[in-house]
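Each reported figure results from applying straightforward, stated rules to the coordinates on display, with no laboratory input. What you are looking at is a predicted structure, and each value in this text was computed from that prediction instead of being measured. Here the Cβ is made from the backbone with ideal geometry for all residues, glycine too, and neighbour counts use every protein chain on show.
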Amino acid sequence: TTPKSLPLRVNNLRKEFGGITAVDGATFSVEEGSLTGLIGPNGAGKSTTFNCITGVHEPTSGSVHFRDEEITGESPHRIAQRGLVRTFQIARELEEMTVLENMMLAPGGQSGESATRSVLPGLRSGVVAEEESVRERAWETLEFFEIDHLAQELAGNLSGGQRKLLELARALMTDPDVMLLDEPFAGVNPTLEEKLLDRIHELRESEGLTFLLVEHDMDLIMENCEHVIVMHQGRVLDEGPPEQITQNEEVIEAYLGG
Ligand code: ADP
Ligand code: MG
C-alpha cells in the first residue's frame, strides 16, 4: 500500500512565553483526509500549537511544513490563503454585524486575534465585499450548516451552538483543505454537536478535507478519529489509533494524574 501524504508536518516545535514553555519540542504530522484528534490535559500546549501552526504566534524554534513547503512564521493571512485554516471566535466587533456580513467578510479576515484588525478598516468605511460569487458561497455554506434562516440576524444574538456553526462556516469561506478545530463543541448541545460532526464527516467525504481536532470528550474522539495525538507538558506523549493510546499507562496517568 502506498503511504498517505502528510499535508501538515510539525517538527520539534517550541514556544516560550517569558519563562513559560508552552510547547516543548512537539513533533507530529497529519495524514491527508484524516480526522486526527489532538488531546491532552489543560495547559498541555494544544492551543499554543494551533496558534504556532496558523501564524498567530511565532514559534520560538522548530518548523511547520504545509504541503512540503515551510510556513513557519508566515502571517495568518498567508497561511489561510494556502488552505490551512483554524476557526476563531466571533470577535466583539463582528457581533454587531449580521451573520451574512460575517460570512462575506470572512475571506482574508481569518487572522485570529488580528481578524478584527484586518476587518475593521472595511467596517469603518462600510465596505462589505459585494462580489456575487462570495455572496453565493456564503449562502450555500449557511444552508450547509442549516443556519441560512439566521442570515440577517446579528451575530451577537446567536446561541452558543449557533455561533460555533457560524465559526466553522466562516472558516470554510476561505476554501481550506486542512482545518484545525479547537474545542468546536464547547457549549454546544448534543443535537447540534451531532450536526457539526455530520458536517465534518461530509466535508471529508465530498471535498477530501483534513481535520485536526482538539477535544476533551474521549468518547467523541474514540468514535470519530482514526488517529490521536496525545500532548502533555508541551510534548507529544503518544500517538496512534484511539484503541492503542487509551491502553498506554503514561497517557492514563497524564489524564488522571493531571
Ligand atoms: P491547552 O490548549 O492544551 O490547554 P495552552 O496552549 O492554552 O494549553 O497553554 C499551554 C501553556 O502555555 C499554559 O501554561 C498557558 O498558561 C501558557 N500560555 C498559553 N498562551 C499564553 C500566552 N499568550 N502568554 C503566556 N502564557 C501562555
Ligand atoms: Mg486550549
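Database remark: amide H of Leu38 closer than 5 angstrom to the amide H of Leu213, Val214, Glu215, Ile229 (H placed geometrically; neighbours at sequence offset of 5 or more, or on other chains; Pro and chain starts carry no H).
For the chain, the Kirkwood radius over C-alpha pairs fed into Stokes-Einstein at 20 °C and 1.002 mPa s yields D = 114 µm² per second. For the stretch 1-81, GluC sites (Glu not before Pro) meeting the loop criterion (DSSP other than H, G, I, E, B) and having at most 11 other Cβ atoms within 10 Å: none. Taking other Cβ atoms within 10 Å as a rough exposure proxy, Asp24, Asp175 sort from fewest to most as Asp175, Asp24. The 3J(HN,Hα) values that the Karplus relation (6.51, -1.76, 1.60; θ = phi - 60°) gives for the stretch 198-211 are, in residue order, 4, 5, 4, 5, 5, 5, 5, 6, 7, 10, x, 5, 10, 10 Hz. Gly and Pro appear as x. Taking the fewest neighbouring Cβ atoms within 10 Å as the starting point, the ordered list for Ser61, Ser34 is Ser61, Ser34. Between the helical axis of 115-124 and the longest alpha-carbon principal axis of the chain there is an angle of about 10 degrees.
Running a GNM on the chain with Cα contacts under 10 Å, which residue among Gln244, Gln233, Gln162 ends up with the highest mean-square fluctuation? Greatest mean-square fluctuation among the candidates belongs to Gln244.
Taking Lys and Arg as +1 and Asp and Glu as -1, the other residues whose beta-carbon sits under 11 Å from that of Gly156 total -2. The residues Met231, Met218, when put in order of fewest to most other Cβ atoms within 10 Å, stand as Met218, Met231. Once the C-beta distance of Glu205 and Glu31 is scaled by a Förster radius of 25 Å, the resulting FRET efficiency is 0.95 to the nearest 0.05.
Helix 132-144 and the longest principal axis of the Cα set of the chain meet at an angle near 60°.
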